[in-house]
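Written below as structure tokens is the structure these notes are about.
Derivation of every value follows stated rules applied to the coordinates shown; laboratory data play no part. Note that the coordinates shown come from a computational prediction; the quantities given were computed from them, not determined experimentally. Because the Cβ atoms are built from the backbone with ideal geometry, glycine has one as well, and the counts that use them run over all protein chains shown.
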Amino acid sequence: MQGRGALKRELVACLRTGRALRVPRARSKRKAWAHVTPEVMISERPAEAENRAVPGHWEGDLLIGLERSAIGTLVERTTRYTMLVHLPRQDGFGTVPRTKNGPPLADYGAVTMKHALTATIGTLPEQLLRSLTWDCGKELSAHAQFTIETGIPVYFADPHSPWQRGTNENTNGLLRQYFPKGTDLSRWSAEEIAAVAATLNSRPRKIPGWKTPAEALNDHLLSIQQAGVASTG
């Protein structure tokens, strides 16, 4: 006795394409990462970002939760200093019906992401705003406008290459202790995620000589100030 749909699957397998439905022409021509152009690939990132000698180069990504909730993560490559980006849902999420090409009401639409990133990273001194490396997610498709507003060039890692943002990936693993998978991340307020970031930044790390990321970042800022005083003197 054949299972339901078994004969149909056998007939589909005999088709030249092996699929029952034709892929729409517009969809076949659509690029998955249209916002990622050759000039913003990680291969174009300054060499100083690769060797971690100069602080100010950041890696970023999203922690994804249930119901299209998310928290943005930013990690400085040299000191491992972490900043978390609060991404609250827009008014009408869950009540207003979704419309084609309408504004995204979830946490991490491109415009929402740009505004939230600008507000978070804009609190830093200019010496710590050298570059940002992100994955190929569409949440940062407004990267050109972000660069115009902040002066921070954005580079994208190659697809399916998380090791190119290894510092951020490791930090996201630590953050999952506080924001477990399978939970709605919108339940945490901006103050609560800031407290988690402060906890990570006060945790001694082996790479910066067992200093905390906050201490390592503060030492760098002090050295900049002392260099500026010496040059003016």
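I want to check a number: in segment 32-232, how many lysine pairs have alpha carbons closer than 26 Å, given a sequence separation of 8 or more or different chains?
Pairs that pass both the separation and distance tests number 5.
I'd like the FRET efficiency for Ser189 and Glu39, computed as 1/(1 + (r/R0)^6) with the beta carbon distance as r and R0 of 35 Å, rounded to 0.05.
The computed FRET efficiency comes out at 0.40.
Semi-axes of the equivalent ellipsoid of segment 32-232: what are they in whole Å, largest first, if each equals the square root of 5 times a C-alpha gyration tensor eigenvalue?
For segment 32-232, the semi-axes come out at 29, 20, 16 Å.
How much net charge surrounds Gln127 when only other residues with a Cβ under 15 Å from its Cβ are counted (Lys, Arg +1; Asp, Glu -1)?
Net charge around Gln127: -2.
Amide H to amide H, which residues 5 or more places from Phe156 or on other chains are under 5 Å from it, using H placed in the peptide plane?
Met41, Ile42, Trp134
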